[in-house]
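Values quoted throughout were computed directly from the atomic coordinates according to the rules given, and no laboratory measurement underlies them. These figures come from a predicted structure and were not determined experimentally. So basically every Cβ, Gly included, is an ideal-geometry build from the backbone, and we count neighbours across all protein chains shown.
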Amino acid sequence: MAVRPGVAGADGAATAPPSASSADPSASAPATAAAVDETVETRGIEPVPDHERRGRVRELFPTWVAANISVLLLTMGAGLVVFNGLNFFQVLLAAAIAGAVSFGLVGLLSVSGKWGGAPGAMLSRATFGVRGNYFPGMILWVARFGWETINAVTGAYAVLTVLRLLFGIESNTPLIVVTLLVFVGVTFLVSGMGRKVLNICNTWSTYLFGVFTVLVLAYLVTTIEWSEVFSRPAGGTAMFIAGIGTIAAGGISWIPTGPDFARYLPHSAEGRKIFGTTISGALLVLVPMVLMGGVMSFKDPALAKTNDPVSFLGEALPGWLAVPYLIIALIGMVLINSLSMYSAGFTAQTMGVKLPRAWAVSINAVISLVGGLLLMLVAKSFYGSFISFLSLLAVSFSAWVGVYAVDMLRRRHKTVRYDAAGLLDTSRTSRYWYVGGFCWQAMTAWGVALLLGLGFTKCEWFAGPLVDTWIGKNGLGWAATVLLAAVLFAVLPAPREKELRTAA
């Protein structure tokens, strides 16, 4: 009979296997069920046992709606018109393609969360090895810092705009500090509460944001000079493709997070439903928001250039609509950051941070606060910094995606799915120890693809040596990174996991 290696606790330290009484589901189920029903989720990176898998696929819909409730999509839509020179139909098509590709990948890789019952950062140990996982994990963690900083700044700007519209209070340095501190603090609180609170908040924000988005669309339909909008000539193919990459970068950043929200789903949940629910929830918000930003920019091109990415709403919309819309959008931005920090807590734990998940996110909260202050008080161009960050974000996540996707494809048969004890065991006894704790095939594919992807990348901070190639000019470095990582990992010799010990 097969005997698994020692199971580890949430901090990753190996422990002895549980006793027969503690391993009995009937003995532990009542206590565990009570813990799951609590308001604050206490489970960390340890895989969710089968008897706790009471999630439903439909819960993913409001999650991915909420993940896209951001006025940054308006700014990005405006950028497609102002900087990429696209017309109405190109913006619509670019948003649809970008959303379908990026969140299609989110949906596909989310299925691994159902298979292994663990966060993506934890399942990644099976791909890269228990030690090798530190390297891509660290880069993903740093990238998440940047994403949360951008969202925190946008949320703070939304608060400042509401204060100006309602009370005539103008922005100043002390007020910027206070609003950013409040935004990050609320985000930390919501993310620390965990899955149950996030699901409730996501559901209500979906309804509220949907109502006000319809009102904004109705206002635009009746006030925009549509003859001017539709008379705009089409932009070039290169700019159209680059625009797809810009919009897709945001969705790509959610791919490693997908399994985090699918880990409570039962094994019987259908993969195609997970895929369909994820992509439909994202597209429901992403496409209209990007298109609205593009349409608004025909009237006010400054939408794509302002240092304050949300203040334009006070000018573009009447006060009776701008204020409630911004408040709802602000709630959405809190949820986006909360979803990101929720997953960041898992990443921190896999990196060796010996804190409960709810407190592990405090590291991200502090860094996003400091980074947000620098961006709001020091940076000269918000949009330029944002697009540069998106370019680097897409490449850093894409290298991980290519390798992880191939590894997941190899685990499509139940007999080779994720082993809970092996994921938690970071010692030499782990099933995923490979060679010295590293899966050299995965590390090679990831490292080569990451370097090549950076070579195709150009932003405010640097330009890679391959930016003048067709791939570089069309902004397809992220796509090349995914494909190269996947192909390299697929053609290298298949990794061999350690066999489970056999009892005497």
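Across region 206-211, rounded Karplus estimates of 3J(HN,Hα) from the backbone phi angles (6.51 cos²θ - 1.76 cosθ + 1.60, θ = phi - 60°) give 4, 5, 5, 5, x, 4 Hz, Gly and Pro being marked x.
Rounded to the nearest 500 deg cm²/dmol, what is the calculated helix-only ellipticity per residue at 222 nm for the chain, with -39500 (n - 2.57) per DSSP H run of length n ≥ 4?
-22500 deg cm²/dmol
Under 5 Å between amide hydrogens, built in the peptide plane, is the criterion, and for residue 435 it picks out 440 among residues at least 5 positions away or on other chains. Shown in residue order for region 101-117 are the 3J(HN,Hα) couplings computed by the Karplus curve 6.51 cos²θ - 1.76 cosθ + 1.60 at θ = phi - 60°: 5, 5, 7, x, 5, 4, x, 5, 6, 5, 4, 5, x, 5, 5, x, x Hz (x for Gly and Pro).
Once backbone amide H atoms are built at 1.01 Å from N, residue 69 has no partners under 5 Å, excluding neighbours fewer than 5 places away on the same chain. Checked against a 22 Å cut-off, the cross-linked pairs 299/458; 354/498; 273/414; 114/354; 299/473 give Cα-Cα distances beyond that limit for 299/458; 354/498; 114/354; 299/473. Along its three principal directions, the equivalent ellipsoid of region 96-148 from the Cα gyration tensor extends over semi-axes of 22, 17, 9 Å, largest first. Here the calculated FRET efficiency for residue 416 and residue 56, from their Cβ-Cβ distance with R0 = 35 Å, stands at 0.85, rounded to the nearest 0.05. Simple spin-label estimate for residue 207 and residue 374 gives 4.2 nm between the two label positions (7 Å along the Cα-to-Cβ direction from each Cα).
The listed peptides 233-240, 99-106, ordered by packing as a protection proxy, come out as 99-106, 233-240 (highest mean of other Cβ atoms within 10 Å first). Take each peptide in 125-136, 68-79, 180-191, count the other Cβ atoms within 10 Å of every residue, and average; sorted highest first, the result is 68-79, 125-136, 180-191. Each of the GluC sites (Glu not before Pro) that DSSP puts in a loop and that has at most 10 other Cβ atoms within 10 Å breaks the chain; the longest unbroken stretch is 226-498. The calculated FRET efficiency for residue 496 paired with residue 448, based on their beta-carbon distance and R0 = 22 Å, is about 0.55. Once the Kirkwood radius over Cα pairs is known for the chain, the Stokes-Einstein relation at 20 °C and 1.002 mPa s delivers a diffusion coefficient of 92 µm²/s.
Need the full-extension length gain, residue 224 to residue 169, defined as separation in residues times 0.36 nm minus the C-alpha distance. One decimal, nm.
So the chain would gain 16.9 nm between residue 224 and residue 169.
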